[in-house]
1. Pairs only if they're at least six apart or on different chains, beta carbon under 6 angstrom, first in the range B:259-284 and farther than 18 Å from B:G248 by Cα and more than 7 Å from every other protein chain (Cβ to nearest Cβ), second open to solvent by 30 Å² or more (accessible area, probe 1.4 Å) and hydrophobic (A, V, I, L, M, F, W, C); list them, first residue then second.
2. Kindly provide the set of residues from the range A:36-79 that are touching a Phe, Trp or Tyr at 6+ places or on another chain (Cβ under 9 Å), part of a loop (DSSP other than H, G, I, E, B) and among the hydrophobic types (A, V, I, L, M, F, W, C), ordered by number.
3. Of the numbered conditions (1) out of contact with any helix residue (DSSP H, G or I) (no Cβ under 9 Å at 6 or more places or on another chain); (2) of a type in the set (D, E, K, R); (3) modelled with pLDDT of 95 or more, A:D20 satisfies every one except a single condition; which is it?
4. Looking at A:A71, is it away from chain B (no Cβ under 14 Å), of a type outside the set (F, W, Y) and touching a His at 6+ places or on another chain (Cβ under 6 Å)?
5. Select from the range A:150-177 the residues that are over 19 Å from the mean Cα position of the chain (by Cα) and not in a loop (DSSP other than H, G, I, E, B) and list them in ascending order.
6. Quick one: B:G128 ticks every box in (1) crowded, with 18+ Cβ neighbours inside 10 Å; (2) touching a His at 6+ places or on another chain (Cβ under 6 Å) except a single one, so which number is it?
7. Somewhere in the range A:205-225, is a residue acidic (D, E), under 22 Å from the mean Cα position of the chain (by Cα) and open to solvent by less than 10 Å² (accessible area, probe 1.4 Å)?
8. Taking B:P63 as meeting all but one of (1) away from every other protein chain (no Cβ under 14 Å); (2) in contact with a Leu (Cβ under 7 Å, 6 or more places away or on another chain), write down the number of the exception.
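The values are calculated or read from the model by the stated rules, or taken from the named source; none is laboratory data. Because the structure is predicted, anything quoted here is derived from the model rather than measured. Here the Cβ positions follow ideal geometry from the backbone for every residue, glycine too, while neighbour counts run over all protein chains shown. SASA here: full protein model, heavy atoms, side chains in, ligands and nucleic acids out. Shrake-Rupley method; radii C 1.70, N 1.55, O 1.52, S 1.80 Å.
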There are 2 protein chains.
Amino acid sequence: MRSREVRLIARPEGAPRPADFELAEVDLPNPKPGQLLVRNEWLSLDPHQRRRMLDLADGSMPPFALGAVPAGRAVGEVIASEVPGFAVGDRILNHAGWREVALIDTGRDRAPERLDSNPGTPIQWYLGPLGASALTAYVGLFDVAEMRPDDVVYVSAAAGAVGGLAVQIAKVTGHTVIGSAGSTAKADFIRDELGADAAFSYRDGPVAELLGRSAPVGIDLYFDNVGGEHLEAALGALRTGGRVALCGAISNYNADGPAGAPSNLFAAVTKGLTLRGFMVAMYEKRTEDFRRQMREWLAAGKVVYPEAIFDGIEGVAPGFIAMLAGDTVGKALVRLDGRDLRTSTNYG
Amino acid sequence: MRSREVRLIARPEGAPRPADFELAEVDLPNPKPGQLLVRNEWLSLDPHQRRRMLDLADGSMPPFALGAVPAGRAVGEVIASEVPGFAVGDRILNHAGWREVALIDTGRDRAPERLDSNPGTPIQWYLGPLGASALTAYVGLFDVAEMRPDDVVYVSAAAGAVGGLAVQIAKVTGHTVIGSAGSTAKADFIRDELGADAAFSYRDGPVAELLGRSAPVGIDLYFDNVGGEHLEAALGALRTGGRVALCGAISNYNADGPAGAPSNLFAAVTKGLTLRGFMVAMYEKRTEDFRRQMREWLAAGKVVYPEAIFDGIEGVAPGFIAMLAGDTVGKALVRLDGRDLRTSTNYG
């Protein structure tokens, strides 16, 4: 079975470049007992993958190996199975990353998840509004930041896959929400399409000033997808008893030095603030609750979930680079042509 | 009524110097309705007073005014009262700071607290093991950091008024405890007198290395009295789900620039850490529980509470300077001679 895959061949310095990746063709064996082959239909492009391209000695997730395919979520169809409980034709979610066809070894790899074949549920939603990005938004608000009824909520990277849902979940549950992103067009999108009460482009001035103008009474909850100057501004704007969900620090992923730290962390003492970090894997037990609630909101049209789609395995590197550059809105995905693995088809 | 008081006359740059303070004599009027006079017996010297000597525009507590007496806790005896419920001879705790005699105006000032006249309870314990420093240690562990049965606990400034009790409370409730301070003698004291399982002087090397040697399996709870390099080391040593009580940042109080921030805050994301700041005033509702428990421990000899005593109102500035320089162990106090306000008596 021929397949193509995208490998990391150099650790990016600053913003990733096409030369940091290579597209390679491989020949996959037939599965042995405990293995299955999945033809991927959709690949997820995620900011946290950028971080693992660095070789950091900071006790965080291990770095991706050079010359190997970066791990990541994908959904597709089983095309051969030697694993009890998985049959040809099953749709599954796997973590094998940027591959057209993946050989999953259940003894070695993270277990695949069989997905409901619900005709009303596009399969890529399991990478999106029913998947890890959305679960991140959901538990970040409810479990990590312990959102309260009258909270004023601020979300950074609010046009992104996680932030866009955090804005909508906070709105649909009755909160005042402020969002920020990297362009005026995105700010308009956050306000007009996602329903935020206020939004700004952080390129329009110091974040602390822009946030102060959007949230004149201050904020109670900050969903931090960015770190750096945004976190510092939020610490300044948070009211007594405020909470921060530390989800990511995308502003630092492309940086060479250590992550820029807020100079005003002492505000946490004087205002009794709580900062809590998390990885979505720590909250997987909440998946059932989350999906039940999210299906309701999706069915009622209460949340929207825009996708930035790149086509074909050749779209992985450009899509990933565009997402990190802030050129996408919503969930960044690669759509694969599942029928002919040697011809990339542009779905335009 | 003649009294003497210590005023702040210059904002300290770096470590405070004697010239930043002045001793002045004042003539106090007889109390009007709603006012009382208290002859202080003990004054509290606290690290947080240093912070308020800076004029910081960071949303924290307002700075002390120049030319005025810094606010702070004191205990003493009512010598004249026009306040219903307070009689001459009552022992009270007040917040009027470094004065021999204080005129308390209940319409303007923070309310005084009448103290139990228990012959077994030295009155200065209400500034110490039954007072705000100890309540800080208690709620910092139990409420702020939500201490759990098997936590490995690390306390910085562990020979200080707050840290010393945090060490002992964590030990008496069955935890493994590591303490640090600024000298080998203090480290010995923390281990030998306070009962910590391990202790080190942060002057002996990088804190991260010293902490790693004292806590080879890592830590679960960090009681942060220091900030800076200590917080950074703790973030590195904390295990998944670990918690930090952000109590103070004494390492920054004498600094001119913004507080040194940890460069590894992202560890909070990857390890799911919680950092929670607090001021003891936010937890005053816990005073009753805390005192009941602490009286038990004190009566059973399970906690000790060393005091660093400076004598007379002239001892305020030298005592405050010595405490901030790390030259004291335990609670720093000024003892006033309540009988003759114009002659300082050395109790040596």
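1. As it stands, the answer is none, since no pair meets every condition given.
2. Those that are touching a Phe, Trp or Tyr at 6+ places or on another chain (Cβ under 9 Å), part of a loop (DSSP other than H, G, I, E, B) and among the hydrophobic types (A, V, I, L, M, F, W, C): A:L45, A:M53, A:L54, A:L56, A:V69, A:A71.
3. (1)
4. Working: away from chain B (no Cβ under 14 Å): yes; of a type outside the set (F, W, Y): yes; touching a His at 6+ places or on another chain (Cβ under 6 Å): yes.
When the stated conditions are applied, A:A71 passes them.
5. Kept after step one, since they are over 19 Å from the mean Cα position of the chain (by Cα), are these residues of the range A:150-177: A:150-153, A:171-177.
Result: A:V152, A:V153, A:K171, A:V172, A:T176, A:V177.
6. Unmet condition: (2).
7. Looking only at the range A:205-225, we keep the residues that are acidic (D, E), and these are A:209, A:220, A:224.
Among the residues that remain, those that are also under 22 Å from the mean Cα position of the chain (by Cα) are: A:224.
In the following step, the residues that additionally are open to solvent by less than 10 Å² (accessible area, probe 1.4 Å) were identified as A:224.
Within the range A:205-225, one or more residues are acidic (D, E), under 22 Å from the mean Cα position of the chain (by Cα) and open to solvent by less than 10 Å² (accessible area, probe 1.4 Å).
8. Among (1) away from every other protein chain (no Cβ under 14 Å); (2) in contact with a Leu (Cβ under 7 Å, 6 or more places away or on another chain), the lone unmet condition for B:P63 is (1).
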